[in-house]
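Student: After the structure tokens below, expect a handful of questions from me.
The numbers here are math on the coordinates, done by the rules we state, and not lab data. This is a predicted model, so every value here is computed, not measured. Here the Cβ positions follow ideal geometry from the backbone for every residue, glycine too, while neighbour counts run over all protein chains shown.
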Amino acid sequence: MANLKEIRTRIASVKNTKQVTSAMKMVAAAKLRKAQDAIIKIRPYTDALHKVAGQIAAASEEDFYSPLIESREPDQMLIVLFTSNKGLCGAFNYQITKAALSYVRTKHADLLGQGKIQFLTIGRKGDELIRREGFKVWKNADDLLAQSKFKESASLANDLMKVFLNKEFDKVVLFYNGFKNAAVQRVTQENFLPVDISHKDKEFDTNYILEPTAGEIVTDLMPKILQISLHSALLDSLASEHGARMTAMHKATENATDLIKDLTLNYNKARQAAITNEITEIVSGANALGK
């Protein structure tokens with residue numbers, strides 16, 4: 001059994017760790033509330049924007065064309081991976097990176113073998129994992145997580161539209177953790193470009209007069225849809241990160257509490273054993289002197 005000094009040192013160390021994890025849990029909880037409010041507010045707008053575009057496209061009797069919906073055989077693919085800049089958030093970074101790598105290795109092994117798949121990493125942790133696996137990183141956008149402003153998200157979305165229109169990439173896919181609650185994050189894969197309007201909404205009042213044409217309206221909406229979709233994915237990832245970190249720190253604090261209890265019990269046992277040994281030595285010494 002460890003001596004009393006070693007156990008006291010371990011107890012003090014675990015108590016310090018518990019204070020840190022408890023503080024980190026409180027910080028993550030505060031950030032989560034803010035991020036949760038942001039994603040709850042933006043989701044109805046994002047859904048409504050997609051629905052309006054689908055309804056107008058469904059009501060149109062004309063065949064319209066936009067280069068942003070041009071589906072072509074992928075020759076160059078870009079994977080946008082959302083992770084975090086910091087760790088201590090459980091399996092948050094690993095699970096989404098694993099999903100993205102599994103996707104390219106199973107669904108697009110041919111392109112991967114030809115070196116035609118690149119990554120746009122948003123988050124240092126994902127960037128480190130991707131580079132460690134030997135994949136090409138087209139661009140890194142860690143600053144987006146610190147700002148989390150629509151202006152920066154829209155600028156990045158515009159860059160993605162530009163490279164798609166220039167045919168530098170034929171397909172852009174998003175991978176991020178979708179926020180459900182503090183304890184649950186869903187791995188989400190979303191085709192970003194080309195825009196898919198095949199799921200047209202048929203429930204639309206065709207009595208509306210559209211001016212200009214339906215095609216022009218949908219074409220004008222597409223950049224806005226892509227900008228808001230990328231920003232929504234960013235907010236989802238941020239809320240999921242704070243939720244995962246809060247959960248991880250909560251578990252770490254609980255584990256520290258349990259460990260302190262066990263160490264305290266061991267300390268009391270060791271202390272009791274030491275006292276018993278001292279009493280035995282005193283009694284034995286007294287008996288020896290009495291003889």
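Student: Counting helices only, and only those DSSP H runs with n ≥ 4, report the 222 nm mean residue ellipticity of the chain as the sum of -39,500 (n - 2.57) divided by its residues, in deg cm²/dmol to the nearest 500.
Tutor: -22500 deg cm²/dmol
Student: Given +1 on the Cβ of Lys and Arg, -1 on the Cβ of Asp and Glu, and no further charges, what dipole in debye does the stretch 29-243 carry about its Cα centre, rounded to the nearest 20?
Tutor: About 1300 debye.
Student: Cross-link partners among aspartates and glutamates for LYS125, C-alpha distance below 16 Å, same-chain residues fewer than 8 apart left out?
Tutor: Qualifying aspartates and glutamates at Cα under 16 Å: GLU133, ASP142, ASP143, GLU241.
Student: Any of LYS18/LYS41; LYS86/LYS116; LYS15/LYS269; LYS139/LYS224; LYS139/LYS167 with alpha carbons more than 24 Å apart? Name them for me.
Tutor: LYS18/LYS41; LYS86/LYS116
Student: What's the ranking of 264-277, 117-130 by average number of surrounding C-beta atoms within 10 Å, highest first?
Tutor: The densest-packed peptide leads the list: 117-130, 264-277.
Student: Could I ask something else about it? Over the stretch 29-243, one equal point on each Cα, no solvent: what is log10 I(q)/I(0) by the Debye formula at q = 0.08 Å⁻¹?
Tutor: -0.30
Student: Still on this structure, I have one more. For the chain, with a Gaussian network of springs between Cα atoms less than 10 Å apart, report the residue from SER66, SER84, SER153 with the top mean-square fluctuation.
Tutor: Among SER66, SER84, SER153, the largest GNM mean-square fluctuation belongs to SER66.
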